[in-house]
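Heads up: the structure comes next, in structure tokens.
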Amino acid sequence: MNSSGSYYELYRGSSIGMSLIDTLDDLVHSGRLEPQTAMKVISAFDKSITEVLADKVKARLNFKGHLDTYRFCDDVWTFLIKDVNFKLDNQNTVQADKIKIVSCNAKKPGDPQ
């Protein structure tokens, strides 16, 4: 979440976020939903997905790879990692040629520094 109290829009690019946006877009174009209402739904999605993932997901994941590129801009870290091996809680492993990790400040307004 950023300092203004609004939530990051990172999860809009996920499959569920893109499906929501496509559906809302269809509803707006068919005249069954006002654009302002669609924006409120998307904002509620940003808040809900962030809170649910923080509170409900307890799985752990370890990974190893080769850091290709990293950058820090506007309080957001971005890492591009190649030849990645993931090890899940249940000891299953998954491999990927490359991944992108985006990391943002998780502090809520009013939290101590």
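Points worth noting:
- Taken over the C-alpha atoms, the chain has Rg and Dmax values of 17.4, 50 angstrom.
- Of the trypsin sites (Lys or Arg not before Pro) found in region 19-113, those in coil by DSSP whose Cβ has at most 10 other Cβ atoms within 10 Å are R32, K58, R60.
- Tilt relative to the chain, helix 35-56 - C-alpha long axis, 0 to 90 degrees, to 10: 30
- The charge dipole of the chain, taken about its Cα centre with unit charges on the Cβ atoms of Lys, Arg (+1), Asp and Glu (-1) only, comes to about 400 debye.
- Placing unit charges on each Cβ (+1 for Lys and Arg, -1 for Asp and Glu) gives the chain a dipole about its Cα centre, and among L33, L20, Q91 the Cα reaching farthest toward its positive end belongs to Q91.
- Computed on the chain, with alpha-carbon pairs under 8 angstrom and 6+ residues apart, the relative contact order is 24 percent.
- For F63, distant residues with modelled amide H under 5 Å away: K87
- Based on Cα contacts under 8 Å between residues 6+ apart, region 61-104 shows a relative contact order of 38 percent.
- The chain: angle of helix 15-29 to the longest principal axis, Cα-based, in degrees nearest 10: 20
A short reminder: the numbers here are calculations on the coordinates, not readings from a lab. Because the structure is a prediction, the values reported are computed rather than measured. As a convention, Cβ positions derive from the backbone with ideal geometry for all residues, glycine included, and neighbour counts pool all protein chains shown.
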